[in-house]
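Report on the structure given below.
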Amino acid sequence: MHLVSTNKANILLDCGLFQGHRDEFYAVNSNFSFDPQNLDACVLSHAHIDHCGNLPTLIKKGYRAKIYSTSVTRDLCRYMLPDSGHIQEEDIKYVNKINKRKGLPPRFPLYTKDEAEVCLKYFRTVEYHKRFSLSDDVDLTFFDPGHILGSAIPILDLKTSKGSMRIAYAVDLGRYDIPLLRDPEVPKDIDYLIIESTYGGRTHGSMEKAEKELATVINETIKRRGKIIIPSFALERTQLVIFCISELMRKKKIKKIPIFVDSPLAVNITKVFRENWEYFDDVTRKIFLTGEDPFGCDNITYITDVEDSKKLNTETKPMIIISASGMCENGRILHHLRNNIENPNNTILIVGFMAKDTLGRRLVEKVKKIKIFGQQHEVQANVVAINSFSSHADANGLVDYVKSCGDRLKQVFIVHGEEEQSNILRKNIKKLDIKVQVPAKNDIVFLKS
């Protein structure tokens, strides 16, 4: 979340949910360092919850201007935001049961599903490369960062009494040559670049390597007659993994076994992906134009009903179960982990970033015991992490992107990453003889035209 202020406008870039322990979650997300009623616009880069998830709170606090996004991001938010509200309501129900027994007062969710749906009416869509006026002194243009479907690099063109300046907000930035998505675009004549640093000090393997590792894991688990449990983000990662597994089956590199996508949100997100196929890369668009569906074949079952989800617990044949949440903090994946993690024939396959203090991170760190729903379980299943499926640019990709912004670039601001990753990226950008800063929370920076 970043505030850009000019003489005539206050513009918010993204409004995401801070993820942390429950008390910290509510303390941080309930308060803004500015008055939402004084904002003139909110520009949304994409539909991941850490970028859009606190929009309902912004509305509750009095924001009444427009939320500008691509049309695909708006469509995705129609499902992402109400789902976030529903999760919070369910979490509070659980907390209040405990509080009632302890004689403590009830707590309330940050926002409800209904409140999340209210904020959707404030969306206004802007297509890629179409310059749009936000105020008398700020114009907005969206470019494609290749991060997830519908994501954008907002470009702000500011007019000042001393000239003009161009700010690029590459948070988040994608990768080149990744399935489904178009390559990241590099806007011209950037003066100031705000860039993410999720993988500021780490590099990814190639997608070819990831697909080989994926095939190996699946084949070895099938030989053991086990299940492959994949915690996955409902948005983008699930669709990418389905695409890759389907391609491996089509090429006969793995056996054709049942695949279950057990996530109502993922089902709805996949529907949006199908409806917006024209925004995919050339290869995927050609697949759709031939009448095929890269997200659907006869061995893939999409599950929404809870009873159908429970039936998977009694199945003993090899299968792949893809379920949310991606960091194993809530959702149906917890039930699948509880029922499968103590079987050494099974594999827990990690295909995404796991933040600190999450159950997913503990699995990646190969802890011997974990707690699920308050009960301790021994981790006897094989835990494998394949990091190359990330839709974030890695250390080399981020530095290369900075280089490609051109000679006009005056300064780079590094955000959205753990401290260690941000500092490694800062050192690498500094080697390019470009002014670079890792701002702290609530820092104020004055930009010159």
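Laboratory data are not the source of any read-out in this text; all were calculated from the coordinates shown. Bear in mind the structure is a predicted one, so any value in this text is a computation, not a measurement. Cβ coordinates were reconstructed from backbone atoms using ideal geometry, including for glycine residues, and neighbour counts include every protein chain displayed.
Could you tell me which of rounded, prolate or oblate describes the stretch 278-348, using a ≥ b ≥ c as the square roots of the eigenvalues of the alpha-carbon gyration tensor, with rounded for a/c under 1.5 and, failing that, prolate when a/b is larger than b/c and oblate otherwise?
Numbers: a/c = 2.39, a/b = 2.09, b/c = 1.14.
It comes out prolate by the Cα gyration axes.
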Problem set entry | Sequence of 236, 419, 307, 90 once ranked by neighbouring C-beta atoms within 10 Å, starting from the fewest | 307, 419, 90, 236
For this session: Compute the acute angle (0 to 90°) between the alpha-carbon long axis of helix 207-223 and the principal axis of greatest extent of the alpha-carbon atoms of the chain; round to the nearest 10°.
Result: 20
Seminar exercise, completed: The orientation-averaged projected area of the Cα convex hull of the chain, in nm², is 21.7
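Using only DSSP helix segments of four residues or longer, with each worth -39500 (n - 2.57), what per-residue ellipticity at 222 nm results for the chain after dividing by its residue count and rounding to 500? Walk me through the intermediate numbers first.
On the way: 14 runs with 150 residues, N = 449.
Using -39500 (n - 2.57) per qualifying helix, the result is -10000 deg cm²/dmol.
Determine the relative contact order of the chain: mean sequence separation of Cα pairs under 8 Å and six or more apart, normalised by residue count, in whole percent. Walk me through the intermediate numbers first.
Values: 904 pairs, mean separation 69.7, N = 449.
Dividing the mean separation by the residue count of the chain yields 16 percent.
Between rounded, prolate and oblate, where does the stretch 320-373 land on the alpha carbon gyration tensor, with a ≥ b ≥ c its root eigenvalues, rounded for a/c under 1.5, else prolate if a/b exceeds b/c? Numbers along the way, then the final one.
Numbers: a/c = 1.34, a/b = 1.15, b/c = 1.17.
Rounded, since a/c falls under 1.5.
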Problem set entry | the stretch 33-138, relative contact order [Cα under 8 Å, separation at least 6], % | 32
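Could you give the dipole magnitude of the chain about its Cα centre, charging the beta-carbon of Lys and Arg +1 and that of Asp and Glu -1, in debye to the nearest 20?
With Lys and Arg at +1 and Asp and Glu at -1, about 1000 debye.
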Exercise. By what distance, in whole Å, do the Cα atoms of the stretch 1-49 stretch along each of the three principal axes, largest value first?
Worked result: 38, 22, 13
Exercise. Around residue 436, which amide H atoms from residues at least 5 apart in sequence, or from another chain, sit under 5 Å from its own amide H, with H modelled in the peptide plane?
Worked result: 412
For this session: On each of the three principal axes of the Cα atoms of the stretch 222-346, give max minus min coordinate, whole Å, ordered largest first.
Result: 43, 31, 23
For this session: If a/c stays under 1.5 just call it rounded; otherwise compare a/b with b/c (prolate if a/b is bigger, oblate if not). Do that for the stretch 103-249, with a ≥ b ≥ c from the square roots of the Cα gyration tensor eigenvalues.
Result: oblate
